[in-house]
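A short write-up of the structure that comes next.
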Amino acid sequence: MKLLLVFILAFVLIFLIDNNSFADKSTFFDSVKFIQYLDENTALEEVRNGNLDIYYDKISPDRLSEQKSREGLKVFDSAGGSYSILVNPAESNDFNPFSLKEVRFALNYLIDRKLIVNELMGGYGAPTVSYYSPSDPEYVTV
């Protein structure tokens, strides 16, 4: 009986209560058009001129480092992507240096992660030593 009352209450809450949060008529649209631009300059100019609503691709940080280059644009910085070096530690009949734990550890210390973040990525990144980075939602639980 209690289960039936829960279902009835859920039905009332979902279907009978007026929900005005989705009632705005201007949120609907007739079509979505995806355009691929091979030239980043053309795409950014189209956004500036209002012919394109959004340019959803990476832009190098040095292109938008000055305020003048950001005029007419809303730029949203976001985290995404990763660079990694994967090695095959499998043992084989041929010599595989990465099957040795000491070699893998040495490779881990040979890579200057801060240099990669600062010089190659323009400071947009965080050096990590594992698959999970500090910006990952699960980083705290790992």
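The values are calculated or read from the model by the stated rules, or taken from the named source; none is laboratory data. Just so it is clear, the structure is predicted and the values come from calculations on it, not from any experiment. In this analysis, Cβ positions are derived from the backbone assuming ideal geometry, glycine residues included, and neighbour counts consider all displayed protein chains.
Output the residue which, of all residues in the stretch 100-113 that are surrounded by 11 or more Cβ atoms within 10 Å (Cβ to Cβ) and of a type outside the set (Val, Ile, Thr), is modelled with the lowest pLDDT.
By that ranking, first place goes to Asn108.
Which members of the stretch 94-139 meet the condition of being aliphatic (A, V, I, L, M), assigned to a loop (DSSP other than H, G, I, E, B) and under 20 Å from the mean Cα position of the chain (by Cα)?
Passing the criteria: Met121, Ala126, Val129.
Taking the condition part of a loop (DSSP other than H, G, I, E, B) and modelled with pLDDT under 85, does Glu91 pass?
Judged against the criteria, Glu91 is not a match.
List, please: which pairs have Cβ atoms under 7 Å, are six or more places apart or on different chains, and start with a residue in the stretch 57-72 that is on the phi > 0 side of the Ramachandran plot and end with one that is modelled with pLDDT of 80 or more and surrounded by 10 or more Cβ atoms within 10 Å (Cβ to Cβ)?
Going by the 7 Å Cβ cut-off, the qualifying pairs are Gly72/Arg48.
Quick check: is even one residue across the stretch 57-75 assigned to a helix (DSSP H, G or I), at pLDDT 85 or above and of a type outside the set (D, E, K, R)?
Taking every residue of the stretch 57-75 in turn, none turns out to be assigned to a helix (DSSP H, G or I), at pLDDT 85 or above and of a type outside the set (D, E, K, R).
Pick from the stretch 52-93 the residues that are of a type in the set (Ser, Thr, Tyr) and over 30 Å from Val32 (Cβ atoms): which of them is nearest to the chain's Cα centre (by Cα)?
Among them, the one singled out is Tyr83.
Among the numbered criteria (1) closer than 30 Å to Glu46 by Cβ; (2) among the aliphatic types (A, V, I, L, M); (3) modelled with pLDDT of 80 or more, which single criterion is violated by Ala79?
It fails just one condition, (3).
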